[in-house]
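Chemist: This structure is in structure tokens; I'll ask about it shortly.
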Amino acid sequence: MDDLIKKAAEDLSGAKNVTALTGAGASIESGIPAFRGKGGLWEKYDPMEVAHIDSFLQDPVKVWNLLIKDMKDVIDQAQPNDCHKGLAKLEDLGKLKTVITQNVDGLHQMAGNTDVIEFHGTFAWQRCMECNTHVETRHVDISEIPPRCDCGGIFRPNVIFFGEMIPQEAHWRSHQVATECDVMLVIGTSGVVQPAAMMPVVAKESGAKIIEINPESTLLTGEISDYLIKGPAGDVMKGIVAQIEKMD
Ligand SMILES: [Zn+2]
């Protein structure tokens with residue numbers, strides 16, 4: 001792993017334009033549970049029941065009580081981990097321009113990254129379904145469910161529920177930054193969920209080097225990624241940033 005961390009540090013130092021694509025694995029060390037896979041939220045809940053837009057519209061009280069309240073608890077308290085901090089540091093160093101994320105926890109922005117494309121929207125903000133006012137989730141009063149805006153409208157998380165479209169602009173911009181980067185860091189995502197999974201392919205086809213950081217090999221490993229650094233995202237990013245700082 002140490003040799004690969006050195007290699008990644010060299011590749012990133014030599015790069016002009018780095019993009020990162022992050023998934024659930026980037027936030028696990030911040031205590032955010034994954035949705036998919038073993039131990040994920042969708043083992044506990046049926047997403048079609050608790051996370052489909054039709055369920056929410058039919059019964060917002062139920063969806064708030066079953067899922068959103070718990071997520072609010074977790075996300076209100078979550079702090080960026082060494083993976084988020086490492087990516088923010090890479091931006092400070094003038095290497096990293098854009099983070100594309102499948103996560104909805106807002107932790108990249110909290111860590112300090114300024115250009116974050118959120119494929120699935122953000123749970124860090126709620127919006128009123130009547131007047132479209134946006135309020136930070138941690139400032140929403142949930143003493144009554146569903147929480148309501150001053151106008152009487154119901155608040156909903158500013159995420160993409162199942163049955164809703166990925167925002168066009170997020171899709172279009174990610175495609176563009178994937179085309180323009182010369183190194184893409186793929187962190188904590190197995191490359192299955194579209195359209196995010198397409199971005200490493202787009203970057204690769206445009207000539208970028210793909211550095212994968214995941215605890216296990218994935219569909220991308222050996223196919224799309226140039227190499228895989230196996231390990232927890234926070235440890236690996238911390239190691240890479242320390243190495244880059246040593247080199248400068
Ligand atoms: Zn309102």
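Coordinate-derived values only; no laboratory data. Keep in mind that what you see is a predicted model, and the values were worked out from it rather than measured. Using ideal geometry, Cβ is built from the backbone for each residue, glycine included, and neighbour counts are taken over all protein chains shown.
Chemist: What number of residues in region 103-156 are assigned to a loop (DSSP other than H, G, I, E, B), crowded, with 19+ Cβ neighbours inside 10 Å and touching a residue at least 40 places away in the same chain (Cβ under 8 Å)?
Modeler: Within region 103-156, residues that are assigned to a loop (DSSP other than H, G, I, E, B), crowded, with 19+ Cβ neighbours inside 10 Å and touching a residue at least 40 places away in the same chain (Cβ under 8 Å) number 7.
Chemist: Let me ask something else. Name the residue that is surrounded by the fewest Cβ atoms within 10 Å (Cβ to Cβ), counting only residues in region 41-74 that are among the β-branched types (Val, Ile, Thr) and in contact with a strand residue (DSSP E or B) (Cβ under 8 Å, 6 or more places away or on another chain).
Modeler: To start, the set of residues in region 41-74 that are among the β-branched types (Val, Ile, Thr) comprises 50, 53, 61, 63, 68, 74.
Those still in the list that are in contact with a strand residue (DSSP E or B) (Cβ under 8 Å, 6 or more places away or on another chain) too: 53, 68.
Numbers: Ile53: 14, Ile68: 26.
Once the filter is applied, the top-ranked residue is Ile53.
Chemist: Can you name the residue in region 114-145 that is in contact with a helix residue (DSSP H, G or I) (Cβ under 9 Å, 6 or more places away or on another chain) and polar (S, T, N, Q) and is also nearest to the ligand (Cβ to nearest atom) among such residues?
Modeler: Residues of region 114-145 in contact with a helix residue (DSSP H, G or I) (Cβ under 9 Å, 6 or more places away or on another chain): 114-126, 129, 137-138, 140, 142, 145.
Adding the requirement that they be polar (S, T, N, Q) leaves 114, 122, 126, 137.
Working: Thr114: 28, Thr122: 18, Gln126: 10, Thr137: 15 Å.
It comes out as Gln126.
Chemist: Still on this model: If His175 satisfies all but one of (1) free of Cβ contacts under 8 Å to residues at least 40 places away in the same chain; (2) more than 16 Å from the ligand (Cβ to nearest atom); (3) in a loop (DSSP other than H, G, I, E, B), what's the number of the condition it fails?
Modeler: Status for His175: all satisfied but (3).
Chemist: Could you list all residues from region 229-243 that are surrounded by fewer than 20 Cβ atoms within 10 Å (Cβ to Cβ) and in contact with a helix residue (DSSP H, G or I) (Cβ under 8 Å, 6 or more places away or on another chain)?
Modeler: Narrowing region 229-243 to residues surrounded by fewer than 20 Cβ atoms within 10 Å (Cβ to Cβ): 230-232, 235, 238, 242-243.
Across region 229-243, the qualifying residues are Pro232, Asp235, Lys238, Gln243.
Chemist: Pull out all pairs, ordered by first then second residue, where Cβ-Cβ is under 6 Å, the residues are six or more apart or on different chains, the first lies in region 35-47 and is free of Cβ contacts under 8 Å to residues at least 40 places away in the same chain, and the second is outside any loop (DSSP other than H, G, I, E, B).
Modeler: Listed pairs, sorted by first residue: Phe35/Leu41; Phe35/Trp42.
Chemist: Which of the residues that make up region 209-227 are more than 15 Å from the chain's Cα centre (by Cα) and in contact (Cβ under 8 Å) with a residue 40 or more places away in the chain?
Modeler: If the condition is that a residue be more than 15 Å from the chain's Cα centre (by Cα) and in contact (Cβ under 8 Å) with a residue 40 or more places away in the chain, then Lys209, Ile211, Pro215, Tyr227 are the ones that fit.
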